[in-house]
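To start, the structure under review is shown below, and the notes come after it.
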Amino acid sequence: MKRLLAVFLTLAMLLSMASFASADDVQEITWMFWDDLEASDDNITKGFAQVIDRFNAEYEGKYHVTAITTTLEEYYTQLNALVDAGKTPDVFIVSPGPNLTDYVAPGVVAPLDEYLEADGWKDTFAGDAVFAQQTYDGKIYAVPLNTAAACVFYNKEIFENAGATVPTTYTELLETCQKIKDAGYTPITISAGTAWCLSMLAGYLCDREGVDLTALNEGSESWNNEKTIAAGEKLLELSQYFQETAAGDSNDDATAALYFEEAAILIQGSWAIGQMNGANPDFEAKCGVFQFPAIEGANDPNRVIAKSDSLAMSATTEYPEAAVALMKYFTDDIAQKYTAEVGGKIPVTKVEYDASVAPAQLADVMEIFGNASATFGFYNESLVSSDAGSFFDNQMVAIFQQEKTPEEAFQAVEDWYAENGYR
């Protein structure tokens, strides 16, 4: 009996050791994202959760990824804290432009060219242009996941009830807002609590006025000029039609006000399609999309703000093969079809998707893109640094809250450029 018990104990020990050895063989990586994979109604977030689950299931025993999630507002603060602590996530989401530069310049992220060239991964993308904002000194440091455009979403039913029509000019936009207000509805929902939302509107106004962003960044023109001031004045003029809680509302609050039919207009990126349709599927039939209106006698009105979410890989990851394998899952046909057919974003690969099952708003966005004469980035992602972008955002909030005049706010931006060595 004792011998039998000893055999069982030995077998148990061996099985336990084999289990530990097996666990030790699994390459554990982390992925960081700015939304809650479990609680979010956003269809894009749900798609990302499916990618994580699919990856872990198909690589069971070899690779495993754990998600680190936070809120949109806290994302970069928490990411930077991990970077500073030497615990950079193996893979993390990042915005292109100066924001990505913050991680490229100090060597936090690794170039991806050798991985993109291997096994024809790069050939699956729509073209080299999708990597334009992720490329530094000829090397690609992030992989785009989707493309989105900043548009104007509106409630067709409220427009009809108010006798309002889709505006094509800034003057018509004011008239439309007044009609909606007179009919007893809130015309525009927007977030000033999440500053980039307000500065996205400011960016459109600046561009429509003909502001030369390259000249401003290079220093051949001052931020305090007639066109920027005119844009600031229009921002203030439009603010009379914002919801009363705009100053404190987050991006999620402002977006919810549209899909819960508390306001008529939302100026937002097409990434909001997944959020709106996920939280209130019935709203899709009522939701229209139009391009941000022209300013009469000013700049090209067919320019569109466009951006992509991207994935970067830590330069210090222990397991680059596992990290790249995960990134490939985000850009494979399953994920990219979902991006369009459920999420309502534009895929970045050559994948074919069924437009008939995609959100109705995506067709409107695709038409806007198709008619665009050019695209440009978010202003806060197109300045000389991410700090400059954040400062610009805050000045637009100061205009809205009437803490500064447009002249004072844009002079403050010019002063920031001078104080930080860009003049």
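The values are calculated or read from the model by the stated rules, or taken from the named source; none is laboratory data. Keep in mind it's a predicted model, so treat the numbers as computed, not measured. As a convention, Cβ positions derive from the backbone with ideal geometry for all residues, glycine included, and neighbour counts pool all protein chains shown. In case anyone asks, the SASA skips ligands and DNA or RNA and just uses the protein heavy atoms, side chains included. Shrake-Rupley method; radii C 1.70, N 1.55, O 1.52, S 1.80 Å.
The figures follow:
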| read-out | value |
| --- | --- |
| Test result for VAL152, in a strand (DSSP E or B) and either out of contact with any helix residue (DSSP H, G or I) (no Cβ under 8 Å at 6 or more places or on another chain) or under 19 Å from ASP387 (Cα atoms) (or both) | yes |
| Flag if ALA118 is under 21 Å from ALA322 (Cα atoms), at pLDDT below 95 and among the aliphatic types (A, V, I, L, M) | yes |
| Criterion: within 17 Å of ASN99 (Cα to Cα) and small (Gly, Ala, Ser) - qualifying residue of ALA388, ALA412 | ALA388 |
| Check on VAL166, over 30 Å from GLU296 (Cβ atoms) and of a type in the set (A, V, I, L, M, F, W, C) | no |
| Every residue from segment 34-61 that is open to solvent by 60 Å² or more (accessible area, probe 1.4 Å) and part of a helix (DSSP H, G or I) | LYS46, GLN50, ASP53, ALA57, GLU58 |
| For ALA418: the one exception among (1) among the small types (Gly, Ala, Ser); (2) modelled with pLDDT of 95 or more; (3) closer than 19 Å to ASP309 by Cβ | (3) |
| Criterion violated by ALA110 - all others in (1) surrounded by 16 or more Cβ atoms within 10 Å (Cβ to Cβ); (2) within 21 Å of the chain's Cα centre (by Cα) satisfied | (2) |
| Scope segment 62-96; condition more than 26 Å from GLN275 (Cβ to Cβ), open to solvent by 50 Å² or more (accessible area, probe 1.4 Å) and assigned to a loop (DSSP other than H, G, I, E, B); matching residues | LYS62, ALA85, GLY86, LYS87 |
| Members of segment 284-298 that are over 23 Å from ALA129 (Cβ atoms) and in a loop (DSSP other than H, G, I, E, B) | PRO293, ILE295, GLU296, GLY297, ALA298 |
| Flag for ALA298 being modelled with pLDDT of 95 or more and of a type in the set (A, V, I, L, M, F, W, C) | no |
| Boolean, THR124 is closer than 18 Å to GLN240 by Cα and either modelled with pLDDT of 95 or more or touching a helix residue (DSSP H, G or I) at 6+ places or on another chain (Cβ under 6 Å) (or both) | no |
| Segment 224-257, residues that are open to solvent by 60 Å² or more (accessible area, probe 1.4 Å) and either within 22 Å of the chain's Cα centre (by Cα) or of a type in the set (S, T, N, Q) (or both) | GLN240, THR245, GLY248, ASP252, ASP253 |
| Matching entry among GLU407, GLU414 (being crowded, with 18+ Cβ neighbours inside 10 Å, of a type in the set (Asp, Glu) and either more than 21 Å from the chain's Cα centre (by Cα) or over 30 Å from ASP282 (Cα atoms) (or both)) | GLU414 |
| All positions within segment 258-301 that are surrounded by 23 or more Cβ atoms within 10 Å (Cβ to Cβ), of a type in the set (A, V, I, L, M, F, W, C) and over 13 Å from CYS151 (Cα atoms) | LEU258, ALA263, ALA264, MET276 |
| Single residue of LYS307, LYS328 found to be touching a Pro at 6+ places or on another chain (Cβ under 9 Å) and among the charged types (D, E, K, R) | LYS307 |
| Some residue of segment 130-137 being open to solvent by 50 Å² or more (accessible area, probe 1.4 Å), on the phi < 0 side of the Ramachandran plot and charged (D, E, K, R) | no |
